[in-house]
Amino acid sequence: QVQVVESGGGLVQAGGSLKLSCVATGNIIRINDMGWYRQAPGTQREMVATVTNTGRTNYADSVKGRFTISRDNANRTAFLQMNSLKPEDTATYYCNAIIRRAGTYGSFPFWGQGTQVTVSS
């Protein structure tokens, strides 16, 4: 069974920093893209940042220059360093990983349960 688990959320003042972590576990053959998404109450889930397994990154315009995504392929882990946080960054942050499981064909998206980030003004 494959699981994706996030950690590192919390409450921080505006201008502060947080670092989120995401680890994928289970019978995994390969992890392709990994990414962070967020959803605030009453809004749709939106992409924050993604990283390919070769390290190519992509960011939402709203976080460029403030957030940095990275990954450790050997440990099946992705990170999101968030600096200069703003109240509008408040949301539940979800990790997504495109994973090929052992004994299956094709790769499929797996989501974590989410971690809450709250930025106070």
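Any read-out appearing in this document is the output of simple, stated calculations on the displayed coordinates, not a laboratory observation. Since the model is a prediction, treat every value here as computed from it, not as a measurement. Neighbour counts are summed over all protein chains in view; Cβ atoms, including those assigned to glycine, are modelled from backbone coordinates with ideal geometry.
With N as its number of residues, the chain has a Cα radius of gyration that, divided by 2.2 N^0.38 Å, comes to 1.04. For segment 75-117, the residues whose amide N sits under 20 Å from a probe point set 7 Å from the Cα of Arg30 along the beta carbon direction are 75-78, 96-111. When both segment 49-84 and segment 4-29 are represented by their alpha-carbon centers, they are found 11 Å apart. Spin-label pair Val2-Arg45: with each label point 7 Å from Cα along the Cα-Cβ axis, the two points sit 1.4 nm from one another.
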